[in-house]
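The values are calculated or read from the model by the stated rules, or taken from the named source; none is laboratory data. Being a predicted model, the structure only gives us computed values, none of them experimental. All Cβ positions, glycine included, derive from the backbone under ideal geometry; neighbour counts span all protein chains shown.
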Amino acid sequence: MEHLCRKQKLAGRASLAIFTILIGIFTALSGCQGFHIFNQGSDTTATTTPVQKLTSTKSVMLTPSSSLGIGSTQTMSKDGMVMVYVPAGEFSMGSADSDSQAQSNEKPQHKVYLDAFWIDRSEVTNWMYALCVQVGACREPLLTRSFYRHTYYDDEQFKDYPVIFVGWDDAKTYCKWAGRRLPTEAEWEKAARGTDGRSYPWGESIDCTKANYQDGKEGCVGDTAQVGSYPKGASPYGALDMAGNVWEWVEDYYGESYYENSPERNPTGPEEGDAHVLRGGSWNYFMAYSRCAFRFQNTANYRFADVGFRCALSAAQ
């Protein structure tokens with residue numbers, strides 16, 4: 001299975017290889033983050049609107065109910081993000097030996113207890129991220145286009161699509177600005193799959209009605225999809241797009257064999273490492289990568305067309 005997934009990974013990234021090289025070349029030539037190489041594309045269907053002119057909506061912080069439980073939500077005042085509540089308790093993290101799709105870094109499956117927390121219902125959007133950029137707290141994404149769209153981040157028609165081309169530091173900075181934090185790897189997995197060990201947020205099978213991933217044909221979408229486009233793919237707690245669409249940064253450093261000695265209560269990952277964990281798969285990766293237990297990793301400065309994030313918040317805050 002590991003050999004198969006390696007082949008799938010190569011296939012899933014083949015269409016992006018030249019794009020990656022071009023990004024490196026043009027970024028080096030530009031010498032700054034403000035150099036956008038794709039703004040002069042021939043796409044005439046998109047109407048570009050400067051980020052500064054995107055229409056904002058006023059959001060109000062809702063006081064959570066005194067009896068919080070599955071289905072409880074709150075809306076954050078800083079960026080209008082709706083968060084869903086994940087109650088305290090145990091869940092099975094990782095994959096069992098009997099799981100034919102499981103990778104070695106997902107084992108052993110082990111019980112983990114987590115305190116209650118909140119997690120963003122969707123991935124952080126272009127519009128939300130632009131608010132942070134506008135006040136000087138965040139830097140712009142590496143590129144303002146998506147993989148196939150010549151305009152994206154600063155185009156109002158994509159304001160409710162996930163922000164991409166952001167690294168781990170960008171994600172962490174945004175969450176701090178918004179009064180939140182990145183979820184731990186354990187929090188992300190529990191929010192995605194619940195407590196019954198399901199493979200995907202909704203159950204055991206996957207198709208393009210539930211997630212935006214690479215289905216082996218032309219892909220469900222072939223690029224990012226608007227957040228919340230797959231209500232059938234909601235997790236047991238109501239979190240959306242936790243399978244496919246974009247990879248999501250989490251707080252933890254990556255440890256290949258971390259699960260062998262993972263703490264049983266509120267684990268926070270290795271104390272140091274060379275890379276951070278990404279979860280959830282993306283529009284450009286096959287179904288095996290969209291499983292709730294799949295663990296991916298890359299360096300903190302990795303910024304690409306299928307990488308975004310969502311934030312979390314401890315319930316005690």
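Of note:
- Residues that are in contact with a His (Cβ under 9 Å, 6 or more places away or on another chain), touching a residue at least 12 places away in the same chain (Cβ under 8 Å) and under 17 Å from Val307 (Cβ atoms) do not occur anywhere in segment 228-241.
- Verdict on Ala102 being at pLDDT below 95, of a type in the set (A, V, I, L, M), out of contact with any Cys (no Cβ under 8 Å at 6 or more places or on another chain) and surrounded by fewer than 24 Cβ atoms within 10 Å (Cβ to Cβ): yes
- If the condition is being buried (at least 20 other Cβ atoms within 10 Å of the Cβ) and either among the aliphatic types (A, V, I, L, M) or touching a helix residue (DSSP H, G or I) at 6+ places or on another chain (Cβ under 7 Å) (or both), then segment 203-220 contributes Ile206, Lys210, Ala211, Tyr213, Gln214.
- Among the candidates Thr125, Thr144, residue that is polar (S, T, N, Q), under 24 Å from Glu185 (Cα atoms) and under 19 Å from the mean Cα position of the chain (by Cα): Thr125
- Scanning segment 103-147 for residues that are in a loop (DSSP other than H, G, I, E, B) and aromatic (Phe, Trp, Tyr) yields a single hit, Phe147.
- Put simply, of Gly216, Gly179, Gly203 the only residue that is without any contact (Cβ under 8 Å) to a residue 40 or more places away in the chain and small (Gly, Ala, Ser) is Gly203.
- Among the candidates Arg139, Arg149, Arg145, the residue that is basic (Lys, Arg) and crowded, with 22+ Cβ neighbours inside 10 Å is uniquely Arg145.
- Residue satisfying all of: in segment 65-95; part of a loop (DSSP other than H, G, I, E, B) and in contact with a helix residue (DSSP H, G or I) (Cβ under 9 Å, 6 or more places away or on another chain); farthest from Cys175 (Cα to Cα) among these: Ser95
- Scope segment 114-139; condition of a type outside the set (A, V, I, L, M, F, W, C) and in contact with a Leu (Cβ under 8 Å, 6 or more places away or on another chain); matching residues: Arg121, Ser122
- Of all residues in segment 156-209, those being over 16 Å from the mean Cα position of the chain (by Cα) and not hydrophobic (A, V, I, L, M, F, W, C) number 16.
- Pairs, first over 15 Å from Ala316 (Cα atoms) in segment 65-87, second buried (at least 16 other Cβ atoms within 10 Å of the Cβ) and of a type in the set (D, E, K, R), C-beta under 7 Å, six or more apart: Met81/Asp120; Val82/Arg121
- Segment 180-197, residues that are of a type outside the set (A, V, I, L, M, F, W, C) and in a loop (DSSP other than H, G, I, E, B): Arg180, Pro183, Thr184, Gly194, Thr195, Asp196, Gly197
- Selection from segment 254-306 of residues that are of a type outside the set (Gly, Ala, Ser), in contact with a Pro (Cβ under 8 Å, 6 or more places away or on another chain) and farther than 23 Å from Gly219 by Cβ: Tyr254, Tyr258, Tyr259, Glu260
- Some residue of segment 216-239 being in a strand (DSSP E or B) and under 27 Å from Gln109 (Cα atoms): no
- Matching residues, segment 244-262, being touching a helix residue (DSSP H, G or I) at 6+ places or on another chain (Cβ under 9 Å), surrounded by fewer than 24 Cβ atoms within 10 Å (Cβ to Cβ) and of a type outside the set (Gly, Ala, Ser): Glu251, Tyr254, Glu256, Tyr258, Tyr259
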